[in-house]
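Student: Please read through the structure below; I'll follow up with questions.
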Amino acid sequence: MTPPLLDVENLTISYRIGKRWIPAVRDFHLQLAPGHIVGLVGESGSGKSTVALALMHYLSSNGRVESGGRLAFAGEDLLSKSDAEMRSLWARRIKLVPQNAGAALNPSMKIGAQVTEVLGAAMGIGGAEAEHAMLRMFHDVNLVDPEKVAGRYPHELSGGMQQRVVIAMALITNPELLILDEPTTGLDVTTEAVILDLIRGLMAERDTGVIYITHNLGVVAQLCERVLVLYAGEIMEEAPVEQLYAMPRNPYSLGLLNSVPRLGQSKVDSRLHSIGGNPPALRQLSGGCVFADRCEFVIDKCRAEKPPLEQLGDGRAVRCFRWEEVGASFLDPFVNPSYKPPSQGDSERQSSTPIDDRVGDRLMRVTNLKKHFPVAKSLEDWLRGRTPAPIRAVDGVNLTLGAGQTLGLVGESGSGKTTLSRLIIGLQERTGGQLELLGMDIRNSVRERSPDVLSKLQMVFQNPQNSLNPYLSVRQALRRPLVKLRGMTPAQAEAEVTQLLRRVNLREDYADRFPDELSGGEKQRVVIARAFASDPDLIICDEPVSALDVSVQSAVLNLLARLQEEHGTAYLFISHDLAVVGYLSDVIAVMYLGQLFEVGAASDLFQPPFHPYTEALVSAIPVADPHHKAERMLLHDVLPSAQRLPSGCRFHTRCPRKIGAVCEEEAPPWREVDAGHAIRCHIPLEELSALQHSFLRPEEIG
């Protein structure tokens, strides 16, 4: 038999904290054959990145692998190798792609020079040969115009392009082992789909073994062959992907799978499952099961004894005393028997289009909103006496939002979503257009707005860490908007702080904690509580759950849905995850290059006909079902520059359904599918329906 490429047994990894060595990962094992891929999943803090660094033999100075474990690569014992010997392996045979591509690139070097430097150090290749190999690899990772990319600095590339460059740097030496640590987190679905296809192709062509670390269960289902579920440093379950998704045997695996929102699932018909509580601190681990405090199947034995990792005999292993009962009680997460589509009347009341306002109780109206960023003149511009075209980030957007509604805004990075939200909140001044809130014309800048208007508009940002002042306690952060915007006395504000914490499911004692004492999910709950403190009519949520674990994400989405139901607050919800947007939204708007291309009720938007761009976004969604195989319509080209917009339909340069010169020369008209659902496209609706008849539909996946 061919020996495994990677053979890991009884690996325990500890970190020195103070004067103690604390085991962060215990008794980890893994076998990986050439040309195969294993997924490693779990919440933040479960030990996934620690495992990645240990497999690279690259732990920090306060980390170590305890004696008694085995870590072999191609039959060689890595634990016995010196740093110099490991550098030789890192240079060519073992590569790690980190989550943050921007931090992995040298900001002071051009992209091409960084890649050719790798070739020179690892393989002794330089000059024209290295240049040719670098450009060929850039082409393999679908970087458009490799020559121009090679001459740019990292900050001149988008996040997706940076990630492709880092992957190119890892693959250019033809490594035998590739470790991918959350390589697509934060990327839009179209870029993610291209990168996943790239990984599949490289595995097939080069027989590379891959370890894929992620909390995205859809990616694991579509890419991996086996999966290990890690929690608090221990393997809770190991199985082939199809078996794990068909019937998880561990309560933690079951909780993760049930937390994933599905296309077609809505806040109207159900709440998302979430795992209560938080992972245990490493210093506080008891002698029982590490998941006992959060487990719905817990019994006294679980708290008293540690369950072994039991081999089930079918290629599976599970750490649970009650694994048979867990499997017997499993509800297939791909089927939602309680789902009932809204009536036609509900769809009409909850819909709006940019060309026909059908919202009865209108909260906000955006009319022809524009934001054009001027571009500084180059030397050539000065010499020729010309003014460069501006960047048209938002270019004539019309939207209407009803009171108590959620408007979901989707599109790729660079489509203008965040700029639109910043115009509405007043963080950027608009170039043109009008903004009305409750019938009032809202001033351009947040500095010009009255406290009354400021209290009606609030925002929740993507990164809660950057949204909270590290020197203010939770109490101080929540008390400020109560006093400044609602005019409460200090005593009134103090009482309201307690109520706000209860609304977001946090105990009263959290008021005296500081941001660094909170988990990511707890920080986001505090930010949401602060947004609700002024009793707003509209909250703008800009990617509020994209960086959260799936279990924390579901809890935050449930919280937002409950608070909206209780307070009647409207949301403008921005995300690149269409399943998340579909769950929380009443209306969805699809944005591309500064303009809206489709608007419709959430219950209708995933049913053909839809705009070809929407079709591409939906097709790129990694569905959390290994058996799901949908027709793909990937966009391999990059988003055009908002400074040099394509003529005619702005999507024609990437549209696989382009019908001819009319798409290149004429701006497309709005076509109304039905009440509240409109598409900006030259293709007649009947033809779109015929083209999309075999395409992905929500009922196919639950």
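Student: Using 20 Å as the cut-off for backbone N distance, which residues of region 496-520 belong to the label zone defined by a point 7 Å from the Cα of Asn100 along Cα→Cβ?
Tutor: What the label zone holds, given the 20 Å backbone N cut-off, is 515-520.
Student: Within the set of other residues whose C-beta is less than 13 Å from the C-beta of Gly408, count the net charge using Lys and Arg as +1 and Asp and Glu as -1.
Tutor: My count for the surroundings of Gly408 gives -4.
Student: Sticking with this one: Ignoring ligands, DNA and RNA, how do Thr431, Thr191 rank by accessible area with a 1.4 Å probe, largest first?
Tutor: Listed by decreasing accessible area, they come as Thr431, Thr191.
Student: For a distance above 13 Å, tell me the whole-number percent of Cα pairs in region 382-427 that qualify.
Tutor: More than 13 Å apart: 70 percent of the Cα pairs in region 382-427.
Student: Just the projected area, averaged over all directions, of the convex hull on the alpha carbon atoms of region 509-629: how many nm²?
Tutor: Average of the hull's projected areas for region 509-629 equals 9.7 nm².
Student: Quick one: plug the Kirkwood hydrodynamic radius of region 1-101 (C-alpha pairs) into Stokes-Einstein at 10 °C, 1.306 mPa s, and report D in µm²/s.
Tutor: Reported coefficient: 110 µm²/s.
Student: Further question on the same structure: Quick check: residue separation of Glu448 and Glu129 times 0.36 nm, minus the Cα distance between them. What number comes out in nm?
Tutor: That pair, Glu448 and Glu129, stretches by 109.0 nm at full extension.
Student: Of all the C-alpha pairs in region 245-333, what % are more than 14 Å from each other?
Tutor: Everything past 14 Å amounts to 68 percent.
Student: Only Lys, Arg, Asp and Glu count, each charged at its Cβ (+1, +1, -1, -1), so figure out the dipole size of the chain about its Cα centre, rounded to 20 debye.
Tutor: The calculation lands at about 1920 debye.
Student: Another question, if that's okay. Using alpha carbons only, what's the Rg to Rh ratio of region 96-216 with Rh from Kirkwood?
Tutor: 0.93
Student: Go ahead and run the numbers for FRET between Ile659 and Asp361, Cβ-Cβ distance against an R0 of 41 Å, rounding to 0.05.
Tutor: For R0 = 41 Å, the calculated efficiency reads 0.55.
Student: Still on this model: For region 485-638, what does the accessible surface come to per residue with a 1.4 Å probe? Please give it in Å².
Tutor: Accessible surface, normalised per residue, equals 29 Å².
Student: Taking the full set of protein chains and a 1.4 angstrom probe, give the accessible area of Phe532 in square angstrom, rounded to the nearest 10.
Tutor: Its heavy atoms expose roughly 10 Å² to the probe.
Student: Can you give me the relative contact order of the chain as a percent, contacts being Cα pairs under 8 Å and 6 or more apart?
Tutor: 14
Student: Report the label-to-label distance for Glu325 and Ser108 in nanometres (one decimal), using points 7 Å from each Cα along the Cα→Cβ vector.
Tutor: 6.2
Student: Now, a different point. Would you please put 673-679, 434-440, 524-530 in order of how densely packed they are, using the mean number of other Cβ atoms within 10 angstrom per residue and starting with the highest?
Tutor: For the peptides 673-679, 434-440, 524-530, the packing ranking is 524-530, 673-679, 434-440.
Student: Could you let me know the centre-to-centre spacing of region 5-50 and region 623-691, using Cα atoms, in angstrom?
Tutor: The two parts, judged by their Cα centres, are 44 Å apart.
Student: Can I ask one more? As a quick test, which of the pairs Lys267/Lys301; Lys267/Lys417; Lys48/Lys629; Lys417/Lys484; Lys19/Lys523 have an alpha carbon distance above 32 angstrom in this structure?
Tutor: Lys267/Lys301
Student: Please give, to one decimal in nm, the separation of the simple spin-label points placed at Glu66 and Leu427, each 7 Å out from Cα toward the Cβ.
Tutor: Going by the 7 Å Cα→Cβ label model, 4.5 nm.
Student: Could you run the Debye sum over the Cα atoms of region 448-518, one equal point scatterer each and no solvent, and tell me log10 of I(q)/I(0) at q = 0.21 Å⁻¹, two decimals?
Tutor: Rounded to two decimals, the profile gives -1.03.
Student: Subtracting the Cα-Cα distance from 0.36 nm times the residue separation, let me have the gained length for Glu225 to Glu666 in nm, one decimal.
Tutor: Here the segment from Glu225 to Glu666 would lengthen by 154.1 nm.
Student: Let me ask another. If you average over every viewing direction, what projected area does the convex hull of the Cα atoms of region 358-517 give, in nm²?
Tutor: The Cα convex hull of region 358-517, projected and averaged over all directions, gives 13.4 nm².
Student: Over all Cα pairs of region 499-579, how is the pair count split among 5 Å bins, expressed in % and running from 0 up to the last occupied bin?
Tutor: 3, 14, 27, 26, 19, 9, 2, 0
Student: To continue, here is another question. Give the calculated FRET efficiency between Ser80 and Gln643 to the nearest 0.05, with a Förster radius of 51 Å applied to their Cβ-Cβ distance.
Tutor: Approximately 0.40, to the nearest 0.05.
Student: Might you report the magnitude of the Cβ-based charge dipole of region 428-542 about its Cα centre, with Lys and Arg at +1 and Asp and Glu at -1, to the nearest 20 debye?
Tutor: 100
Student: Same structure, new question: With each pseudo-label sitting 7 Å past Cα toward Cβ, what's the Arg152-Glu117 distance in nm, one decimal?
Tutor: 1.9
Student: Equivalent ellipsoid semi-axes for region 1-60, as square roots of 5 times the alpha carbon gyration tensor eigenvalues: give them largest first, rounded to whole Å.
Tutor: 25, 13, 10
Student: If I ignore ligands, DNA and RNA and count only protein heavy atoms, how much of Val504 is accessible to a 1.4 Å probe, in Å² to the nearest 10?
Tutor: Its heavy atoms expose roughly 0 Å² to the probe.
Student: Calculate, in nm to one decimal, what Leu472 and Arg16 gain on full extension: separation in residues at 0.36 nm each, minus their alpha carbon distance.
Tutor: Full extension from Leu472 to Arg16 adds 161.2 nm.
Student: Another question, then. Rounded to two decimals, what is Rg over Rh for region 140-296 when you use alpha-carbon atoms and the Kirkwood radius?
Tutor: Checking Rg against Rh, the ratio lands at 1.03.
Student: Return a whole-number percent for the relative contact order of region 411-545, with Cα pairs under 8 Å and 6 or more residues apart as the contact set.
Tutor: In percent, rounded to a whole number, it is 32.
Student: May I pose another question? Rounded to the nearest 10 Å², what accessible area does Glu665 show when all protein chains are kept and the probe is 1.4 Å?
Tutor: Per-residue accessible area (Glu665): approximately 130 Å².
Student: In addition: Would you mind calculating the relative contact order of region 1-57 from Cα pairs under 8 angstrom and at least 6 residues apart, reporting the percent as a whole number?
Tutor: This gives 33 percent for region 1-57.
Student: Here is a follow-up. Can you work out D for region 150-212 in µm² s⁻¹ from Stokes-Einstein, where Rh is the Kirkwood radius over C-alpha pairs, the temperature is 20 °C and the viscosity is 1.002 mPa s?
Tutor: 173
Student: Taking every pair of Cα atoms in region 589-672, average 1/r, invert it to obtain the Kirkwood radius, and report Rg/Rh to two decimals.
Tutor: With Rh from the inverse mean 1/r over Cα pairs, Rg/Rh is 0.98.
Student: Separation of region 369-420 and region 535-592 by C-alpha centroid, Å?
Tutor: Answer, in whole Å: 23.
Student: A further question on this structure: For the chain, count all C-alpha to C-alpha pairs, find those more than 45 Å apart, and express that count as a whole percent of the total.
Tutor: That tail contains 24 percent of the Cα-Cα pairs.
Student: Ordering Asp549, Asp441 by accessible area with a probe of 1.4 Å, largest first, what comes out?
Tutor: My answer, sorted largest first, is Asp441, Asp549.
Student: Rounded to the nearest percent, how much of the accessible area of the chain (1.4 Å probe, protein heavy atoms only) is carbon and sulfur?
Tutor: Answer for the chain: carbon and sulfur cover 48 percent of the accessible area.
Student: Rounded, prolate or oblate: which one fits region 202-259, using the alpha carbon gyration tensor with axes a ≥ b ≥ c (rounded when a/c is under 1.5, else prolate when a/b beats b/c, else oblate)?
Tutor: Because a/c hits 1.5 or more and a/b exceeds b/c, region 202-259 counts as prolate.
The values are calculated or read from the model by the stated rules, or taken from the named source; none is laboratory data. Values in this document were obtained by computation on a predicted structure and should not be read as measured data. Positions of Cβ are generated from backbone atoms using ideal geometry, with glycine treated the same way; all protein chains shown enter the neighbour counts. Side chains included, ligands, DNA and RNA excluded: accessible areas come from the protein's heavy atoms. Shrake-Rupley method; radii C 1.70, N 1.55, O 1.52, S 1.80 Å.
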